[in-house]
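Have a look at the structure below, then the notes.
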Amino acid sequence: MVDWSQTALLFPGQGSQTVGMGRDLVEAYPAAREVYEQADSILGFKLSGLCFNGPEDDLNQTINTQPAVFTTGIATLRALQSAQPDMSPAMAAGHSFGEITALVAAGALSFEAGLKLARERGRVMKEAGERSPGAMAALLGLDADTVRSLCEQASKQTGGVLVMANDNCPGQVVISGEVETLDVGIQLATEAGARRAVKLAVSIAAHSPLMASSADEFRRILDSVSFSTPQIPVYANLTAVPLDSVDAIREELGNQLTGSVLWTASIQNMIAAGTTRFVELGSKDVLTGLLKRIDRSVQGVPLNSAATLQDFLTT
């Protein structure tokens with residue numbers, strides 16, 4: 001049996017989607033199948049078909065990606081709970097919109113409300129990207145303070161917007177902003193010694209001021225959602241500390257669209273609070289990979305298939 005007293009759950013964000021995700025889970029676990037069926041019913045279209053069969057271009061549209069990854073995360077969780085009904089993880093966190101999945105896992109939000117929120121978040125971000133197009137890039141080999149500084153420098157040079165969007169792990173930071181300013185930022189990063197600077201395949205500037213209009217709309221949506229206090233600590237992206245009240249949850253989710261994801265600090269704080277094992281519930285192993293760069297002394301376990309779930313349950 002798994003020792004849950006020092007085990008945390010992690011839920012990925014955009015970029016962890018892949019055609020075929022969840023398909024083997026629904027074949028092996030009725031609890032997972034029920035989640036996808038429920039999602040199809042709530043949204044009024046076959047989200048399950050998009051997850052299982054694509055097409056990839058449709059799955060990669062933000063408005064579809066976020067509910068798809070959310071549903072896959074909860075389906076994996078329900079499959080795990082069906083095999084271990086008494087499981088009681090010590091804490092949880094979700095990367096970017098994965099925070100919504102973590103809140104559902106922690107009992108702060110119903111599955112239906114979480115799914116609708118994920119869909120609405122994707123919609124408002126898509127619309128904000130159409131109003132204020134932007135770009136994002138991953139920088140390898142620079143620390144967060146250096147990246148913040150070069151973003152300020154690029155913004156001053158161009159008069160545009162560029163910010164640090166994600167501090168994912170030591171040596172991997174994502175920047176986000178207007179295309180011209182981002183190009184200047186990439187040049188400055190290269191001059192500062194970045195090993196690589198890779199533009200991401202997105203047309204939106206997530207976690208930047210260019211999302212301000214969508215954040216305002218999303219806050220109004222959040223006001224109508226019923227939240228509860230999390231039953232286990234959920235570490236917030238923007239502060240890297242647990243969300244301890246409904247007001248804190250609303251503030252976090254509302255500000256997250258324009259704020260930076262402090263993933264490195266979140267994981268470090270969870271380790272300091274006693275976590276020795278992190279279980280990632282999604283279709284890839286993105287967060288497990290970041291974990292290895294943050295602290296190799298702890299264990300990372302990606303549950304991204306029926307096979308990996310079965311292996312986890314029998315070890």
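Any read-out appearing in this document is the output of simple, stated calculations on the displayed coordinates, not a laboratory observation. What you are looking at is a predicted structure, and each value in this text was computed from that prediction instead of being measured. Ideal geometry is used to build each Cβ from the backbone, glycine not excepted, and the neighbour counts take in all protein chains shown.
Please give the helix 62-83 orientation as an angle from the longest Cα principal axis of the chain, in degrees from 0 to 90, rounded to the nearest 10.
30
Compute the convex hull volume of the Cα atoms of the chain, divide it by the residue count, and report the result per residue in Å³ as a whole number.
On the way: hull volume 37.3 nm³, N = 315.
Per-residue hull volume (Cα only) is 118 Å³.
Which residues' amide hydrogens lie under 5 Å from the amide hydrogen of Ala165, considering only partners 5 or more residues apart or on another chain, with H built in the peptide plane?
HN-HN under 5 Å from Ala165: Val174, Ile175, Ser176.
Which lysines have a Cα less than 23 Å from the Cα of Lys156, not counting those fewer than 8 places away in the same chain?
Partners found: Lys199.
Take the alpha-carbon centre of the stretch 86-159, take the same for the stretch 190-212, and report the distance between them in whole Å.
Centre-to-centre (Cα) distance: 13 Å.
How big is D for the stretch 1-111, in µm² s⁻¹ as a whole number, if Stokes-Einstein is applied with the Kirkwood radius of its Cα pairs at 25 °C and 0.890 mPa s?
Working: Rh = 14.2 Å.
My calculation gives 173 µm²/s for D.
Cut-off is 10 Å between beta-carbons; in what order do Cys169, Cys151 appear when sorted fewest neighbours first? Could you put the intermediate results ahead of the total?
Working: Cys169 18, Cys151 26.
The order, fewest Cβ neighbours first, is Cys169, Cys151.
If you add up the charges near Ile42, with Lys and Arg at +1 and Asp and Glu at -1, over every other residue whose beta carbon is less than 14 angstrom from its beta carbon, what do you get?
Values: positive: Lys46, Lys116, Arg119; negative: Glu34, Glu37, Asp40, Glu112, Glu120.
In short, -2.
What net charge is computed for the residues neighbouring Arg250, neighbours being all others with C-beta under 10 Å from the C-beta of Arg250, Lys and Arg scored +1, Asp and Glu -1? The partial results should precede the final answer.
Working: positive: Arg219; negative: Asp223, Asp247, Glu251, Glu252.
Taking every other residue near Arg250 into account, the sum is -3.
Amide H neighbours of Met136 under 5 Å, at least 5 residues apart or on other chains, H built in the peptide plane: list them.
Leu200, Val202
Is the stretch 216-278 best put as rounded, prolate or oblate by its Cα gyration tensor, with a ≥ b ≥ c the root eigenvalues, rounded for a/c under 1.5, and otherwise prolate when a/b is larger than b/c, oblate when not?
Oblate shape, in that a/c is at least 1.5 and b/c is the bigger or equal ratio.
Provide the per-residue ³J(HN,Hα) series for the stretch 217-232, in order, calculated from phi with Karplus coefficients 6.51, -1.76, 1.60 and θ = phi - 60°, each as a whole number of Hz, with x at glycine and proline positions.
5, 5, 4, 5, 5, 4, 4, 9, 9, 8, 10, 10, 5, x, 7, 10
When all C-alpha to C-alpha distances in the stretch 164-315 are sorted into bins of 10 Å, what percent of pairs does each bin hold, rounded to whole numbers?
10, 29, 35, 22, 4, 0
Which whole-Hz ³J(HN,Hα) couplings does the stretch 94-111 yield from phi under the Karplus relation 6.51 cos²θ - 1.76 cosθ + 1.60, θ = phi - 60°, glycine and proline marked x?
Coupling constants for the stretch 94-111: x, 7, 6, 5, x, 4, 5, 4, 5, 5, 5, 4, 8, x, 8, 7, 6, 4 Hz.
Given +1 on the Cβ of Lys and Arg, -1 on the Cβ of Asp and Glu, and no further charges, what dipole in debye does the chain carry about its Cα centre, rounded to the nearest 20? It would help to have the intermediate numbers written out before the result.
Working: 23 positive and 34 negative charges, 56 e Å.
For this selection, approximately 260 debye.
Would you calculate the separation in nanometres between label points at Glu191 and Ala307, each defined as 7 Å from the Cα along the Cα-to-beta-carbon direction?
Label at Glu191, label at Ala307, 4.9 nm between them.
Lysines within cross-link reach of Lys292: Cα-Cα under 20 Å, excluding same-chain residues under 8 positions apart?
Lys284
Where the centre of each part is set by its Cα atoms, how far does the stretch 31-47 sit from the stretch 243-307, in angstrom?
26
Taking the Cα centre as origin and putting +1 on Lys and Arg beta-carbons and -1 on Asp and Glu beta-carbons, what dipole magnitude results for the stretch 1-130, to the nearest 20 debye? Let's see the in-between values first.
Values: 9 positive and 15 negative charges, 31 e Å.
For the stretch 1-130, the charge dipole is close to 140 debye.
Could you give me the ³J(HN,Hα) list for the stretch 240-247, computed from phi with Karplus coefficients 6.51, -1.76, 1.60 and θ = phi - 60°, whole Hz, x at Gly and Pro?
Working through the residues one at a time gives 6, 10, x, 7, 10, 7, 4, 4 Hz.
Ranked highest first by the average count of other Cβ atoms within 10 Å around their residues, in what order do 271-277, 180-186, 100-106 fall?
Values: 271-277: 15.3, 180-186: 22.6, 100-106: 27.7.
Ranking the peptides 271-277, 180-186, 100-106 by packing returns 100-106, 180-186, 271-277.
Straight-line reach from Lys46: which aspartates and glutamates fall under 16 Å, measuring Cα to Cα and dropping same-chain residues less than 8 apart?
Hits, sequence-local ones excluded: Glu34, Glu37, Glu56, Asp57, Asp58, Glu112.
Explain nothing, just the number: dipole magnitude of the stretch 212-260 about its Cα centre with +1 on each Lys and Arg Cβ and -1 on each Asp and Glu Cβ, in debye rounded to the nearest 20. Intermediate values should be presented prior to the final figure.
On the way: 3 positive and 7 negative charges, 15 e Å.
In debye, rounded to 20, the stretch 212-260 gives about 80.
For a footprinting-style exposure proxy, rank Arg131, Arg123 by other Cβ within 10 Å, fewest first.
Arg131, Arg123
Going highest first, how would you order 132-140, 69-77 by mean Cβ packing within 10 Å?
On the way: 132-140: 20.2, 69-77: 29.2.
Listed from highest to lowest mean packing, they are 69-77, 132-140.
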